[in-house]
Amino acid sequence: MIKVLFVCLGNICRSPMAEFVFKQMVAERGLSEQFYIDSAATERFNEMCHAGIHHGTRDKLKAMQIPFEEHYSRQIRPRDYVYFDYIIAMDDSNIDDILEIVGPDTENKIHRLLDFTGHPRNIRDPWYTGDFDESYDDISEGCQAFLEHLLKENSDGKRG
């Protein structure tokens, strides 16, 4: 089983969007049983408030017919580094924060989502930009490239 954790600042916009987009892509290929997919935040505020998915993310997932279930923000923990095979951040700042929480990335598990594409970059936070369409487009591009990477890596026998 391949265990993937998507991470952003608050775990209410980008990382849950990535979680459910990726779950849908995996399901469409009949691979759901081969994956465990979750998401988390780098900060604790939303977890302490028991915050759910932002309405902008909910609206975009609904518009794109991406199924999702109730999700509450949680902060990444050091034990997540041990448990998950991949910790996928939305931007450079997330990576810095993840490293502060989990320690050094000795197993090369931490990556930005768009680093798997031909145009590596950060995914801008729609909490600040208000542009959930842009976030969705970037997340979809990144998830597709990440899934292709995993399928190639798995067929090469490197992980899985």
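Quick look at the numbers
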| quantity | calculated |
| --- | --- |
| DSSP beta bridges in segment 2-154 [antiparallel fraction, %, rounded to 5] | 5 percent |
| Order of His119, His54, His111 - criterion: other Cβ atoms within 10 Å of each residue's Cβ, fewest first | His119, His111, His54 |
| Distance between modelled label sites at Ser32 and Lys3, nm, 7 Å Cα→Cβ extension | 2.1 nm |
| Asp80, Asp85 arranged by Cβ crowding within 10 Å, fewest neighbours leading | Asp85, Asp80 |
| Footprinting exposure proxy for Met64, Met48, Met17 (fewest neighbouring C-beta atoms within 10 Å first) | Met48, Met64, Met17 |
| Out-of-range pairs (alpha-carbon distance over 26 Å; input Lys62/Lys152; Lys62/Lys109; Lys3/Lys152; Lys60/Lys152) | Lys62/Lys152; Lys62/Lys109; Lys60/Lys152 |
| Asp105/Gln65 FRET efficiency (R0 45 Å; Cβ-Cβ; nearest 0.05) | 0.80 |
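Since every read-out is calculated from the coordinates, none of them should be taken as a lab result. Every value quoted in this text rests on a predicted model; they were computed, and no experiment measured them. Reconstructed Cβ throughout: ideal geometry from the backbone, glycine too, with neighbour counts over all protein chains shown.
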